[in-house]
Amino acid sequence: MFENLQDRLGSILNGLTGRGALSEADVSAALREVRRALLEADVALDVVRSFTDRVREKAVGAEILKSIKPGQMVVKIVHDELIEMLGGEGVGIDLHAAAPVVVMMVGLQGSGKTTTSAKIAHRLSTRDKKKVLMASLDTRRPAAQEQLRQLGAQASIDTLPIIAGQSPTDIAARAVQAAKLGGHDVVILDTAGRTHIDEPLMVEMADIKKRSNPHEILLVADSLTGQDAVNLARNFDERVGITGLVLTRMDGDGRGGAALSMRAVTGKPIKLIGVGEKMSELEEFHPRRIADRILGMGDIVSLVERAAENIDAEKAAAMAAKMAKGKFDLDDLADQLRQMQKMGGMGGIMGMMPGMAGMKDKMAAAGLDDKLFGRQIAIIQSMTRAERANPDLLKHSRKKRIAAGSGTDAAAINKLLKMHRQMADMMKMMGGKGKGGMMKQMMGGLAGKMGLGGGMGGMPDLSNIDPRQLEALQKQAEAAGLGKPGGGMPGLGGLSGGLPGLGGAKLPGLGGGFPGLPGLPKKK
């Protein structure tokens, strides 16, 4: 969502950091560009004005430390003010109340309330081990209650039995009572929406609030609606009193201005963001991490968290034993590709790596996009078990059959086989050092650099890391030189470096990176 803003701000601030000394005129010219970039990203005018005023005030009067170039000082000030505009510290859903904690979901029709209610329930039950009850109060939209029931069945979450003819306020009271009797920790009330804000809607919301006494009132807003979402939040807050915001469709190609404006305009924290259609694709909103991504500094903590969620420890251990013997067949390659897809694909991983955001465009231009992973997995799945275990069996006739089965051609199969051969050779060379799989290796090396243990041996046990320790990772990363714009990662050689096969160095802990990925220029 923030890609256009990231590119614009990146180029403006890179122009500053390259200079030895900055005049007030240089800062003013850069801030004019920053102002234009934020307005084009659909950030509210008054928010942009106060943002640039604060940056100018601090930048012009800033004491420049001898070890820091003036341009880098301006980047730091912009970064700090961006975090402040987004809300300073991240705020999660507050469950510190007597059970059952009532969470009331409000918003307009079509903003994704029902799906978000199920996502929050899934998150609370899997991550926080809470017993959750969901209840649909939407008696207007056809099959709205049935939709929530089906989502609950999919995620194994309890839903309130539907009784036809009950009013929303009666359903709310029944839900709270059922949660008390059923020993539930949290009850989520999915209220009805309208196509626009009107008086009957606000009266209904106020009645529900009075009957259910919610501890949290979360406004679900579609981030693609731009500044209208800000007006919506202001209206709901005045009439009902919201405690936080949930932004949906943050994976879309909107300009992101609503997300940047809402906290500043309403004073209410953005608690969660929807980043996809799946139940698990709901993330906490961390202002510092979002600011880091916008300014191209990467997001180490989220990358570590995502790895912890997606790396299967048993599979990784089995693969480690295999690789210790120097074995790496096409089934293993398919597992590695699927693991990378789960973590957001190459683009998603690159976007979270410090100093690597600029590599995404180069990789796209070279034909290395996430669709390529899908095609390669399709090729491997079109092979027999014997062929996957022993690629030397693949002669011309077999390749023709596989190409027809996967919708590709012989050239794509040859590229995949070449990539596999290079990786298998690398695993043999690494021997005992090649344990744990591509992503596990990469994250293990990164964790080692940041004093988390694991090192070349692979991933530390992230499931036991205290959340505060995870938050401290970003500061450790910055201290290690990982969080500076253009600083790159250890062994990556900064922005000018990159992945092997892209004309750059190696990823830490991988020994040789991703050797010669197909479709990329060879290393000189």
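The values are calculated or read from the model by the stated rules, or taken from the named source; none is laboratory data. Since this is a predicted model, take the numbers as computed values, not measurements. Please note: Cβ atoms are built from the backbone with ideal geometry, for glycine as well, and neighbour counts cover all protein chains shown. Just the protein is used for accessible areas: all its heavy atoms, side chains included, with ligands, DNA and RNA removed. Shrake-Rupley method; radii C 1.70, N 1.55, O 1.52, S 1.80 Å.
Rounded, prolate or oblate for the stretch 221-276? Axes are the square roots of the Cα gyration tensor eigenvalues, ordered a ≥ b ≥ c, and the cut-off for rounded is a/c under 1.5. Verdict is prolate for the stretch 221-276. Computed with a 1.4 Å probe over protein heavy atoms only, the accessible surface of the stretch 18-166 comes to 50 Å² per residue.
A protection proxy built from the mean count of other Cβ atoms within 10 Å ranks the segments 111-120, 85-94, 389-398, 162-171, most packed first, as 111-120, 85-94, 162-171, 389-398. Taking 0.36 nm per residue of separation and subtracting the current Cα-Cα distance, fully stretching the chain between Thr126 and Asp80 would add 13.2 nm. Structure note, pairs Lys399/Lys428; Lys113/Lys271; Lys315/Lys418: Cα-Cα distances above 18 angstrom occur for Lys399/Lys428; Lys315/Lys418. Measuring against 20 Å, Cα to Cα, the residue pairs Lys131/Lys180; Lys119/Lys180; Lys129/Lys180 contain Lys119/Lys180 as the ones spanning a longer distance.
Each of Glu281 and His96 was given a label point 7 Å from its Cα along the Cα-to-Cβ line. The distance between the two points is 3.4 nm.
Across the accessible surface of the stretch 81-198, with the other protein chains kept in place and a 1.4 Å probe, carbon and sulfur atoms take up 50 percent. Database remark: amide H of Ile270 closer than 5 angstrom to the amide H of Leu245 (H placed geometrically; neighbours at sequence offset of 5 or more, or on other chains; Pro and chain starts carry no H).
Under a model in which nothing but the beta-carbon of Lys, Arg (+1) and Asp, Glu (-1) is charged, the stretch 29-161 shows a dipole of about 280 debye around its Cα centre. Multiplying the residue separation of Val60 and Ala206 by 0.36 nm and removing their Cα-Cα distance gives an extension gain of 47.7 nm. Taking 0.36 nm per residue of separation and subtracting the Cα-Cα distance, full extension of the segment from Asp53 to Ser167 would add 36.0 nm.
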